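We did not get these values from a lab; they are worked out from the coordinates using the rules stated. These figures come from a predicted structure and were not determined experimentally. Note that we place each Cβ from the backbone using ideal geometry, even for glycine, and neighbour counts take in every protein chain shown.
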Amino acid sequence: MHQAAPSELSLAGTPAASRLGQASWAFGQGARDPYYILVVIYIFYPYFSNTVVGDPIEGQSLLGYTNAAAGFALALLAPVLGAVADKNGRRKPWVAGTVLAMVGGAIALWGVLPGGGGLGIPATLALIIGINIAFTISEVFHNAMLPSVAPLSRVGSVSGLAFSIGNFGGLGLMLFVLFAFSLPGNEPWSFLPDAPLFGLDQATHEQDRIVGPLAAAWMLVFTVPLLLFTPDGAGTSLPVREAARQGIQDVLATFRQLKHYANIARYLLARMFMIDGMVGVMTFGGVYASGTFGWGSTSLLIFGLATSFSAMIGAWLGGRIDDRFGSHRTLQFSIAASSVLLVALVSYQPDTIFFGVSVGAEPVWSFPYFQTVPELAYLITNQVFALFFVTGLSSSRTLMARISPPEMATQFFGLFALSGTVTAFLAPLLVGTVTSLMSSQRAGFASLTVLMVIGFGLLLFVEERQSVAHDRG
């Protein structure tokens with residue numbers, strides 16, 4: 001494989017990793033993201049809410065509180081662990097440890113039975129909190145490697161490649177689940193097995209529960225290239241206890257001297273709103289479609305497959321756009337476009353589009369899914385949203401890499417993770433509150449526009465310039 005030229009410097013000012021090292025770093029995210037796609041967005045969380053808890057409203061509420069608890073723990077842990085790693089210099093041991101924790105937790109999801117049986121609801125919620133914490137900590141240390149891995153001219157492309165690989169993995173696993181476990185026995189198509197493979201029992205929702213072990217196996221295999229081929233920071237002889245002590249002091253000093261990092265602080269505040277809103281659209285998009293159009297699990301799986309494919313393409317294109325026009329401009333355009341597209345999404349109803357244009361609810365083709373014009377319009381619009389959504393996620397990471405002091409990368413990516421988790425309750429709370437007050441699923445879903453507009457406005461005050469580490473004396 002082609003190696004990076006010796007003179008090619010990274011964003012951190014050090015020699016960039018080889019192309020193999022860059023690709024292996026991207027596979028680190030490709031290993032992790034399918035868990036989120038299969039378990040959180042499309043399959044396991046809806047199964048837990050609707051079938052394990054048995055009440056979608058109560059289930060969504062429990063998951064919201066669970067995410068809030070994980071966010072609170074991460075608010076305490078992520079910046080401190082990031083500062084410790086900056087002192088120690090190495091990030092891959094943290095990635096390996098958290099991946100092993102996630103693998104064990106994801107495998108245990110198999111024991112979550114319908115009606116609260118098996119592992120039980122309280123234990124499942126505790127397990128989800130643990131996995132979420134490990135997921136985000138792994139993400140912090142993985143993200144913090146980007147400034148020293150990617151060449152200055154390709155940081156956007158390398159970041160986008162990681163999102164593309166992640167969505168490609170999620171797409172492949174969803175296809176496998178659909179054709180191996182979900183569709184057999186439900187559709188008379190000749191290319192399907194007569195029954196779910198490996199003897200899986202649809203009556204006990206094993207096709208939903210299997211996604212945990214599948215994501216675990218995928219994560220374990222595709223983290224290996226990162227550990228083998230991506231260069232890590234040089235380790236120091238500093239004892240762990242001393243690194244922890246100095247790291248905590250650095251975090252406290254950073255907060256005290258935040259005026260020296262005002263540009264970063266403004267960016268993290270903007271990101272709290274805009275990313276929370278965009279993630280909320282992806283999280284509730286299937287819920288809204290299911291309630292509005294009556295989509296079942298197979299429709300949602302196909303919907304998820306199409307969305308993951310669009311996101312994969314969007315990440316690749318977005319990375320190239322980021323390198324050409326800069327992270328700040330790319331992120332601004334992504335947030336603006338996403339806000340407009342959300343308005344379009346909520347304009348579709350079973351027999352109308354664009355807030356009242358009547359098109360009828362008659363089938364327009366013989367395919368058993370997405371048969372009406374509003375359903376097809378929603379499906380297509382969501383694909384365009386997915387393009388901008390992943391472009392925004394990728395650019396938000398590269399912008400953080402561009403504006404952070406390289407020697408404090410992990411600490412600031414800890415704060416970056418914190419900005420994405422500390423308000424993780426905000427989108428679900430906003431959707432739930434507005435839906436309840438207005439007695440309208442459409443109004444609740446549309447309320448996410450407010451978060452994106454606030455984030456866009458705050459982003460106008462952010463500059464794309466690298467901060468210099470302040471001497472703490």
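Miscellaneous remarks
- Sorting T433, T283 by the number of Cβ atoms found within 10 Å of their own Cβ, with the fewest placed first, yields T433, T283.
- 13 Å tail of the calculated P(r), the stretch 324-370, as % of Cα pairs: 68
- For the stretch 152-233, the spread of Cα positions along the three principal axes, ordered from largest to smallest, is 53, 21, 17 Å.
- V343-Q466 FRET efficiency (beta carbon distance; Förster radius 35 Å; 0.05 resolution): 0.50
- Ordering of 27-37, 453-463, 371-381, 299-309 by burial proxy (mean other Cβ atoms within 10 Å per residue, highest first): 27-37, 299-309, 371-381, 453-463
- Applying 0.36 nm per residue to the separation of S440 and R329 and subtracting their alpha-carbon distance, the gain on full extension is 36.5 nm.
- Contour excess over end-to-end distance, with Cα ends at L20 and S358 and 0.36 nm allotted per residue: 116.3 nm
- Inter-label distance for D55 and L317, nm, one decimal - labels placed 7 Å from Cα along Cα-to-Cβ: 4.4
- Three principal axis extents describe the C-alpha atoms of the stretch 19-459; from largest down they are 66, 47, 42 Å.
- Computed extension gain for I107 through E242, at 0.36 nm per residue and net of the alpha carbon distance, reaches 45.1 nm.
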